[in-house]
Each structure stands twice: as C-alpha cells, then as structure tokens.
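What follows is a set of notes on a single structure, which appears directly below.
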Amino acid sequence: MTSDAIPERKVYAPATVIRDTIQIFPEATAARLGLGRAGSSLPTQAVLDFNLDHARARDVVHTPLDFAALERRWDRAICWVRPSRTAATA
Amino acid sequence: MTYRMTTSNTTWVFEDLKELMAKATPLRSGDLLAGIVAGSAEEMAAARMCLAEVPLKTFLTELLIPYEQDEITRLIVDTHDQAAFAPISHLCVGDFRDWLLSDQATTDRLARLAPGLTPEIVAAVSKLMRNQNLIKVAGKVRVTTGFRNTIGDSGTLATRLQPNHPTDDPRGILASTLEGLTYGCGDAVIGINPASDSPAAVADIIRLLDELISRFEIPTQSCVLTHATTSIKLIENNVPVDLVFQSVAGTQVANAAFGISLSTLREAHDAGQSMGPGTVGRNVIYFETGQGSRLSANAHHGVDQQTCEARAYAACRPFAPLLVNTVVGFIGPEYLYDGKQIIRAGLEDHFCGKLMGLPMGCDICYTNHAEADQDDMDVLLTLLATAGINFVIAVPGADDIMLNYQSTSFRDQLYIRDLLKVKRAPEFAKWLEDMEIADHDGSLRPLRSDHPLNYGLPRLTA
C-alpha cells in the first residue's frame, strides 16, 4: 500500500455508494431500509452491520439457558408459575 | 415388494420402495430424525444403484402411501395421464435420468411429459441427480403463468416483494414496499405475512395494497398470506383479494394439521376465480411448501421428506397457481441442517416442481439456529437463477423483522440481474421504465426528488 492510498480512498468512497432517495418514514419500521448500494451490491458498512447482528443472534442461540439465574429472577417477581426442568432440558 | 442390491460381498435388502427411496436420498437431518436414512455411506450408494434399476411403471402400482388412506395418493393415481407417460413408460429410473439430460428432452417434450409424471417418479430420479444435473434439466423447463403480468418467460426472473412488519403498521409496510419498488422488486407479488390473522386486520392490509397498486397502476398483484378459509370469507365480503394463499403439504394428515384438505383448496381456487381474471391471466393462487412439514406434523408415513415435498406439488397442480414458493430453509436445522443441505433441497424442489409443470420460486432462506449464512444464500441464489427459477424473495436487507429469519434482498436480485442478464416480468419492466425507475435494459435510474412514489406515503397512510 502506498502512502497516498488512504486519502485516495476517502475521495472515492462517498461517490461510489449510491444513496437511496425514496422518502420514507424511518421511524415507521425497523426494516433495513436506506442502505444504499455499491454497484448492485450492499455497501461495506451495511454488510458489516448485518454480520454483527447475525453473529449476536448466533451467539445467543448457542448460549445454554441459565436456569439458576432465571429461577432467582423469578423468585423476585411475584409470579404464579415457576420454570420447571422437563425431560427436554435435562 | 423387496428390493436387493449386491455390492462386492454384501447384499443390501430394502423392504419396500419407500425404504429404498429414503435410503437413496442425500443425507438431511429431517430424515435422520425420522429414522429412515441409510445406515452407512455404502448402503446409500447401494440404494441408489438399486433405485436406478426400478422401472418407472413400478411407481404407478407400488404406492408409497396407500390409496385408501390418503387423498393426495388418490389425486396422483386418479389424474395420472397415461398418454403423456407413454413415451417414457419403458424406462427405469436410471435411464430416465439419462433421457432427461439428453438433447431428446427438449423444452416442448418436457412440457408434454409433465402430466404423465408422478411426484414419486420425479423424486426418485432427483435422488440420482447431482446438483449440476438438477440445474441443467430444470433449466430446460419453462412454466409461464399470469395475472396482471407474465411470470416465468425465458430469460426472466421475478421477485416477491415481502414488506412484512411486526405489528402490521401500514406506514412501515408502505415504507418497505416503496423502497422495494424503487429497486424494481414486486413483479411476482407484493406479499405480506400478517402479524395478525384477524380478518379485519388482513382486510386492512389488502385494501392498502389494492390502493397502492390501483393508484400507480402497477402491473402486479397483492397477497396477504393468511389461511385460505380467511381469504374465502374476505372474498365473500367483497374485499379486493388478488391472490389466495395457502401452505400445502404432501400428505392428507399433514394438510389436516394445516387445517386444509383438497376440497379447501378447490373452494379457495373457485373463490379466487370468482373475483375475475387479471389483465393478462387467471392464475389466482399462491402456494407455499417446504421439505420437513410432514415430519413436523408427524405425518410422513415413513416416506422421506423430499418425496413428501414432491407430493405437495401434486396437491398444488390441479389449481393452476400463479406462484409456488418452496420456503427452503425456514423450517430450521432439525430438517435441513446446514448450507449444504439447504442448497441441495432448494435445487431438488425447483427441479421436481418444474418437471411437474409448476411455476416454482424459492424463498432462499435460513434461521438463526441453522449452520448457514448469507454466503450460502448467495450460492443458492446464483444456482437457482442459473436454473431458470421463476421468482425469488426480496425483503429489506435480507432480514425479515416480522418472521425473524434471513432471506434474499433488494440488492441480491440486482446482483443476479447484472450477472445473468435476467429481466423482470415484461409488463412490470415496462411500468418501471414509464415511471423512470429503470431504463429499458432494466438498470436502475436515479430517482427524481419529485418522483410520484415520494408522494405516495403520506396520502396512503392518512
């Protein structure tokens, strides 16, 4: 990489990503709108954001349920039902 | 009937045709869960060798699910077209594979053959196909349907615009819809999975989409994916339903778990027809299917999930649907474990549906607990578009915030159009050009700040 590579990238990047110009109510939905495009593809920032969100969802899916913590929190709440360990969770 | 195959010093015995087919099936977690897979890699290879020698005529007499027990079996047997089947009736499964791959199997011949094919025959031959064979043969088949536009022409790929919202907020639905339209999405259907199944809430969304389509004179159709019986009642109350939706499975018991039978589908079809034809055609049904639904309803009769899926296409066939969508990865890793299994299943479903004469699309998708990600979706999208699939899904950012799974996006369809030069439905492409959203060649134009779509949102949600 040459020393002038970085300023060059700064100059070119904003013009490369095509912004979405349809006017929408951003507060109306959490859908991934207004991400723009690089050519016909998703811009880098949107790819990285999606990747992070998927990574978090994957980590959560693979985290075992902490029954002890759940029961402690349940005890603090006034609740009619306590979590029970069934055969499926044993 | 018992089937035997000897490899070296081992003789493998398969008790009946459904055991043979299950053991010949490329491995997937749903069949493993059902306990019907081959016990070893060699047994699977032997099962395929044995299946290759089974005459196609056998599938017409050795029924996997008994005629007396299942109305879909009865439909398959009673509507089988012997004259269409005649040209291949002398072949065994392996020969049929070779014929399909040969230059003799032209687009016209495959179209004429479709009524002569049963789901069990196409499932069996698919088990002997490699992925490239599934792509090559499906690519020769054209199934064209129409309502307000023409879907499935050679060289075209349509999209279902899927602007779901977790609370059915009309502003949220419209925001996603309008952005999707500016990306040239929505020619297959603007289709919403509603958060609420209440008929009044469903009717509100249908009216919203109807007003949008009417106001901008968009040559497309809407669908709210609610139970067929709800759509039938809405039609009776003059709600402007375009397409009637229903999920369909391949056995009578599994369909009962969905709350339907073939007679429900017949009523749905008649109700849809009663609304009159679209501007270019009268295909008024949108079906969704997917491998594994039979097992999840415990209704598979020991038949492998891919064969059950092909039977679902037999259930769709009499009702001339506009769209059949195999929602391939939605059911989760209990049925299709990872990207490899999802990709294989997507190619199988498209191949089997197309051979049977159905307008196949695919929701190329996965859930967060599957061993899959967007890279796998890129692969399957590229393969299915190469195979000539009729339509795919376009959901904002590939992330469905209502159903909580990942599919393909507005930009994914742009990528595949750029790569393979596939066009949108012709009437819709013309509309995009007239609206200055896309050029004649289909590439997107910068949207004018005073573009009419920019004024659509406030009025429609007022």
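The values are calculated or read from the model by the stated rules, or taken from the named source; none is laboratory data. The shown structure was predicted, so the numbers you read here are calculated from the model rather than taken from an experiment. So basically every Cβ, Gly included, is an ideal-geometry build from the backbone, and we count neighbours across all protein chains shown.
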Original post:
Of the residues in segment B:188-226, how many are in a loop (DSSP other than H, G, I, E, B), more than 16 Å from B:Gly278 (Cβ to Cβ) and in contact with a strand residue (DSSP E or B) (Cβ under 7 Å, 6 or more places away or on another chain)?
Top reply: 3
Subject >> Residue tally, condition more than 7 Å from every other protein chain (Cβ to nearest Cβ) and either of a type in the set (A, V, I, L, M, F, W, C) or surrounded by 15 or more Cβ atoms within 10 Å (Cβ to Cβ) (or both), over segment A:32-45 >> reply: 4
Subject >> Number of the exception - B:Ala387 against (1) away from every other protein chain (no Cβ under 12 Å); (2) surrounded by 23 or more Cβ atoms within 10 Å (Cβ to Cβ); (3) within 24 Å of B:Ile192 (Cβ to Cβ) >> reply: (3)
Original post:
For segment B:361-371, what are the residues that are more than 10 Å from chain A (Cβ to nearest Cβ) and either over 24 Å from A:Arg56 (Cα atoms) or of a type in the set (Gly, Ala, Ser) (or both)?
Top reply: B:Gly361, B:Cys362
Subject >> Residue that is farthest from the other protein chains (Cβ to nearest Cβ), among those in segment B:151-177 that are surrounded by fewer than 24 Cβ atoms within 10 Å (Cβ to Cβ) and farther than 20 Å from B:Leu243 by Cβ >> reply: B:Ser154
Original post:
Is there a residue in segment B:444-462 that is of a type outside the set (D, E, K, R), out of contact with any Cys (no Cβ under 8 Å at 6 or more places or on another chain) and under 30 Å from B:Val137 (Cβ atoms)?
Top reply: no
Original post:
Out of A:Thr16, A:Thr2, A:Thr21, which single residue is more than 9 Å from chain B (Cβ to nearest Cβ), at pLDDT below 95 and surrounded by 10 or more Cβ atoms within 10 Å (Cβ to Cβ)?
Top reply: A:Thr16
Original post:
B:Arg148 is checked against (1) outside any loop (DSSP other than H, G, I, E, B); (2) in contact with a Ser or Thr (Cβ under 6 Å, 6 or more places away or on another chain); (3) more than 14 Å from chain A (Cβ to nearest Cβ) and fails just one. What number does that condition carry?
Top reply: (1)
**OP:** Could you grab me the full set of residues in segment B:390-444 that are among the hydroxyl-bearing types (Ser, Thr, Tyr) and either more than 9 Å from chain A (Cβ to nearest Cβ) or at positive phi (or both)?
**Re:** B:Tyr405, B:Ser407, B:Thr408
